[in-house]
Amino acid sequence: QVQPVESGGGLVQAGGSLRLSCAASGRTFSSYTMGWFRQAPGKEGEFVAAFSWSGGSTYYADSVKGRFAISSDNAKNTMYLQMTNLQPEDTAVYYCATKRNPEISTTASSYAFWGQGTQVTVSS
């Protein structure tokens, strides 16, 4: 299994930036996909972005497209989510998740392993 561990959340003012990290521990495969999801208080969880280690393809939710960007460090088995121009509506607990095949999915149930989450708070 590929267990993700997130880090990098925090408090930032509107318009600011944060970078989240998702490190994969355990046995790793180039065919895995890693995704970011978030859940705000009182709201359903939503897909944010995903990265396929096979080929390096990415996919973003419309709500973050142009503001968030995924990068990766293969040597560290780590994926990063660079978040810019953050807005109060981005406030949520952000979760990293992994799935065993290279096809990107926006559906949470497709992902087998989940991190503990990291809080992102954007003040207005």
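Give me a count of the residues in the range 1-46 that are closer than 23 Å to Ser57 by Cβ, open to solvent by less than 40 Å² (accessible area, probe 1.4 Å) and outside any strand (DSSP E or B).
2
From Ser72, Ser54, which residue is modelled with pLDDT under 95 and either acidic (Asp, Glu) or part of a loop (DSSP other than H, G, I, E, B) (or both)?
Ser54
So, in the range 104-124, how many residues would count as being more than 9 Å from Gly35 (Cα to Cα), in a loop (DSSP other than H, G, I, E, B) and open to solvent by less than 40 Å² (accessible area, probe 1.4 Å)?
2
Could you list, ordered by first residue, the pairs with Cβ atoms under 7 Å in which the first is in the range 91-119 and among the acidic types (Asp, Glu) and the second is assigned to a loop (DSSP other than H, G, I, E, B) and surrounded by fewer than 21 Cβ atoms within 10 Å (Cβ to Cβ), at least 6 apart or interchain?
none
Hey, does the range 61-68 have a residue that's surrounded by 15 or more Cβ atoms within 10 Å (Cβ to Cβ) and of a type in the set (Asp, Glu)?
No, because not a single residue in the range 61-68 is surrounded by 15 or more Cβ atoms within 10 Å (Cβ to Cβ) and of a type in the set (Asp, Glu).
The values are calculated or read from the model by the stated rules, or taken from the named source; none is laboratory data. Being a predicted model, the structure only gives us computed values, none of them experimental. Note: ideal-geometry Cβ built from the backbone for every residue, glycine included; neighbour counts use all protein chains shown. Quick note on the areas: whole protein, heavy atoms, side chains included, nothing else; ligands and nucleic acids left out. Shrake-Rupley method; radii C 1.70, N 1.55, O 1.52, S 1.80 Å.
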